1. Grab the helices (runs of 4 or more DSSP H) fully contained in region 1-69, keeping just those with 1 or more residues being at pLDDT 80 or above.
2. Search region 1-26 for residues that are on the phi < 0 side of the Ramachandran plot and surrounded by 15 or more Cβ atoms within 10 Å (Cβ to Cβ) and pair each with any residue that is of a type in the set (Phe, Trp, Tyr) and modelled with pLDDT under 70 when their beta-carbon atoms are under 9 Å apart and the residues are at least 6 apart or on different chains.
3. Can you pull out the helices (runs of 4 or more DSSP H) entirely within region 93-201 that have at least 1 residues that are among the small types (Gly, Ala, Ser) and either modelled with pLDDT of 75 or more or touching a Gly at 6+ places or on another chain (Cβ under 8 Å) (or both)?
Amino acid sequence: MDINVFFNYTVVLTLYALVTAFTPGPNNIVALYAVSQNGWRRGKDILMGIAAGFLCVMVLCALFCYELARYMPSVTGVLKYIGAAYIAYLAVHVALSKPDESENRRMSFWKGFLLEFVNVKIILYAITIYTGYVLPYEASLTALFFHAVVLTVIGLSGCITWASAGGLLQKFLKKYNRPFNIAMALILLYCAAALAFNLQK
């Protein structure tokens, strides 16, 4: 592999993955909210769900990349609306929740896990990485599984960074719970609108 191929394969892939991982999105907003409202001990459930779901989506996209690429127009047409609806549901949940409800209504493992399967951003992210940066250079299952793990680690690093901000600001955010919840809900609603109406383009 010459230096130009190495640059495209490693540096560009890493930059794209890092930018995608650390920019605002449903995973990062939900992680920030969960830890700010519940703390790390109780907020870890949804983080573990996001991690498990993220890895599953990365592996599924790796295994079925060619098939998904072939059928992506029709799949995306359905998934983006399902994803937008689920993210809008999370926005309503965030806007209506209160601090004293966090014990009974905290975000669960399964909410984090299911979020990944309707999060078109990471599905398209995985397919772009595999078809644009991995398969042209390393068309093997070993390479695909390796990148599935690496992409999950990079994605979770962004998620944990946002969650850490929520943990550090927990007391402040609980004091100003209502405006914070409304702001987070509006950001999630924007994410939902971006999926449904292609506002990100």
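1. 13-22, 26-63
2. Nothing qualifies.
3. 109-117, 120-129, 141-168, 177-197
The values are calculated or read from the model by the stated rules, or taken from the named source; none is laboratory data. Predicted model only: the values in this text are computed from it and were never measured. Please note: Cβ atoms are built from the backbone with ideal geometry, for glycine as well, and neighbour counts cover all protein chains shown.
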